[in-house]
Amino acid sequence: MNDTGTLKALFIRMSKHPSCFRLTGDILNDWTEGEGRWVLFRGSVADLCPLAPNNVNTMAAAAVAAETLGFTGVQGEIVSDTALKDFHVVEVEVTGPDGFLVHTVRRNPAKLGAVTGSATYNSFWNSLLIILDGKRLRTAIFKTCHKYPRSGF
């Protein structure tokens, strides 16, 4: 959608137990056990990244991928939730033209106090492998097109 210019909005919410956040400000200073769910921040990923640099890698990567929106256009939210003792929740909402909307929810197993869920490393590694394969494929297609320019490839 980014490449075709149809990406209208991107929103990412990350919900975790309060012990899983590493924040630079004093956002969690007023938190006490038993408070339940609390929205710590909602706004641009550009404003969020400096506040939670260890907790927003997914959002930063999405802002890079959605270059037409960028860090200021991609919206993010971090939520402290005392009920999330065994996993982190990442929600992604992609908006396109004519009412198109996709909303996904990912539950990533995580221990209390863990900044990153246990499935993140394998997911990240596999994403890199897919990117590398895609680059190899694009390079092969590019070379083929230049080698045989009239083949209609």
Within segment 95-122, track down each residue that is on the phi < 0 side of the Ramachandran plot, outside any loop (DSSP other than H, G, I, E, B) and at pLDDT 70 or above.
95, 97, 101, 102, 103, 104, 105, 106, 107, 108, 109, 122
Within segment 3-18, does at least one residue satisfy the condition of being of a type in the set (Val, Ile, Thr), outside any strand (DSSP E or B) and open to solvent by less than 40 Å² (accessible area, probe 1.4 Å)?
no
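The values are calculated or read from the model by the stated rules, or taken from the named source; none is laboratory data. Because the structure is predicted, anything quoted here is derived from the model rather than measured. The area values use the complete protein model at the heavy-atom level, side chains included, leaving out ligands, DNA and RNA. Shrake-Rupley method; radii C 1.70, N 1.55, O 1.52, S 1.80 Å.
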